[in-house]
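Structure first, commentary second.
The values are calculated or read from the model by the stated rules, or taken from the named source; none is laboratory data. Model, not experiment: these values are computed from the prediction. All Cβ positions, glycine included, derive from the backbone under ideal geometry; neighbour counts span all protein chains shown. These area figures cover heavy atoms from the full protein model, side chains too; ligands, DNA and RNA do not enter into them. Shrake-Rupley method; radii C 1.70, N 1.55, O 1.52, S 1.80 Å.
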Amino acid sequence: MNLILLGAPGAGKGTQGELLKKRLGIPTISTGNMLREAIRNGTQIGMKAKQYMDNGMLVPDDVVLDIVRERVSREDCRNGFILDGFPRTIAQGESLEQMGIHIDHVISIEIDDHVIEDRMTGRRVCGKCGASYHIVANPPKTDGICDECGGELHIRADDALETVHRRLVIYHQETEALKGFYEDLGKLRLVEGDVPIEEAHRSILKVIGA
Ligand code: AMP
């Protein structure tokens, strides 16, 4: 099953992606995590992406498309994958179609901007594996340490309030239109995001018939 998780930054795509990965046994592909890894490793892609990401802007389509094309062609995606944070523009959605990659469901996690702004201040991410936590709603078992891999948890540079504002504006300007794009293809499934994590997970399983 090939899935796309759509939704504003902070809607819970990363968290729901991890739950779906465990439940369905297919990998999550987070373009944000891959770009952050590229920055940590000082690769060419990382160097190109850094200035955009630090400012909460979108990385150019060609950079992101190259990463996704390579990643979905790997062996572990044979039985399916979960895209988190891609596509983010209509052009990226069209490119995905042109690659001939079949998508079964596009799950849009719906949540108001003001809820997101509150949420983002409590977000912590693992510097090693990218797993996402929230200090109140989804705390790690040990303070500051990732449950999954033991890595250290950090505040993301682009979670500063001003940058979150910019990312939300860009979401509404560039990404939200993908809902109409996938609705026309009969693939859009809406779920409420301002609910406990387990409840959103159950709603997602229901809309994808899993
Ligand atoms: P995320 O972890 O999904 O919130 O992504 C963090 C940042 O990575 C975004 O604000 C963008 O700068 C960049 N990014 C991630 N995915 C994409 C994408 N599909 N297209 C363009 N930029 C992206």
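Specify the inter-centroid distance of segment 139-175 and segment 50-66, based on alpha-carbon positions, in whole Å.
First find each Cα centre; the distance between them is then 16 Å.
Can you pull the one-decimal nm distance between simple spin-label points at ALA210 and GLU75, each 7 Å off the Cα toward Cβ?
So the label points at ALA210 and GLU75 sit 2.3 nm apart.
Show which lysines lie in cross-link reach of LYS141 when reach means a straight Cα distance below 28 angstrom and same-chain residues fewer than eight apart are skipped.
Qualifying lysines at Cα under 28 Å: LYS13, LYS21, LYS22, LYS128.
Check ARG124: other-chain or 5+ apart residues with amide H under 5 Å from its amide H, H built from backbone geometry?
TYR133, HIS134, ILE135
Could you check what % of the DSSP bridge pairs in the chain are antiparallel, to the nearest 5?
The antiparallel proportion sits near 30 percent.
So what is the relative contact order for segment 101-210, in percent, with contacts set as C-alpha pairs under 8 Å and at least six apart?
Value for segment 101-210: 35 percent.
Please list, ordered by chain and number, the residues whose modelled amide H lies under 5 Å from the amide H of PHE81; skip anything fewer than 5 residues away on the same chain.
Excluding prolines and chain starts, which carry no amide H, the hits are ASN2, LEU3.
So, taking all protein chains as they sit and a 1.4 Å probe, how much accessible area belongs to MET57, in Å² rounded to tens?
Here the residue's solvent-accessible area equals roughly 90 Å².
Please work out how much accessible surface HIS114 shows to a 1.4 Å probe, ignoring ligands, DNA and RNA, in Å² rounded to 10.
Rounded to the nearest 10, that gives 120 Å².
With a/c under 1.5 counting as rounded, go ahead and sort segment 134-210 into rounded, prolate or oblate using the C-alpha gyration tensor (a ≥ b ≥ c being the square roots of the eigenvalues; past the cut-off, prolate if a/b is larger than b/c, else oblate).
Note, shape of segment 134-210 comes out oblate.
Under the classification rounded if a/c is under 1.5, otherwise prolate if a/b is larger than b/c and oblate if not, where does segment 101-164 fall, given a ≥ b ≥ c as square roots of the Cα gyration tensor eigenvalues?
Because a/c hits 1.5 or more and a/b fails to exceed b/c, segment 101-164 counts as oblate.
At 1.4 Å probe size, with no ligands or nucleic acids counted, give the accessible surface of ARG69 in Å², nearest ten.
Roughly 110 Å² of ARG69 is accessible to a 1.4 Å probe.
Please work out how much length the chain gains when fully extended from HIS102 to MET47, using 0.36 nm per residue of separation minus the C-alpha to C-alpha distance, in nm with one decimal.
16.7 nm
So what does log10 I(q)/I(0) come out to for the chain at q = 0.13, 0.16, 0.19 Å⁻¹, using the Debye formula with one equal point on every Cα and no solvent?
The computed values of log10 I(q)/I(0) come out as -0.70, -1.14, -1.76.
Leaving out same-chain residues fewer than 8 places away, which aspartates and glutamates sit with a Cα under 18 Å from that of LYS179?
ASP84, GLU94, GLU97, ASP104, GLU110, ASP112, ASP113, GLU192
Sorted from largest to smallest, which semi-axis lengths in Å does the alpha carbon gyration tensor of segment 1-45 give for its equivalent ellipsoid, taking the root of 5 times each eigenvalue?
22, 13, 9
If R₀ is 30 angstrom, what is the calculated FRET efficiency for the pair ASP112 and ASP147, using the beta carbon separation as r and rounding to 0.05?
With a Förster radius of 30 Å, E is 0.60.
Name the most mobile residue of VAL125, VAL169, VAL195, meaning the one with the largest mean-square fluctuation, in a Gaussian network model of the chain with Cα contacts below 10 Å.
VAL195
Whose amide H sits under 5 Å from the amide H of ASN138, counting only residues 5 or more places off or on another chain, with H placed in the peptide plane?
Under 5 Å from the amide H of ASN138 lies no amide H from a residue far enough along the sequence or on another chain.
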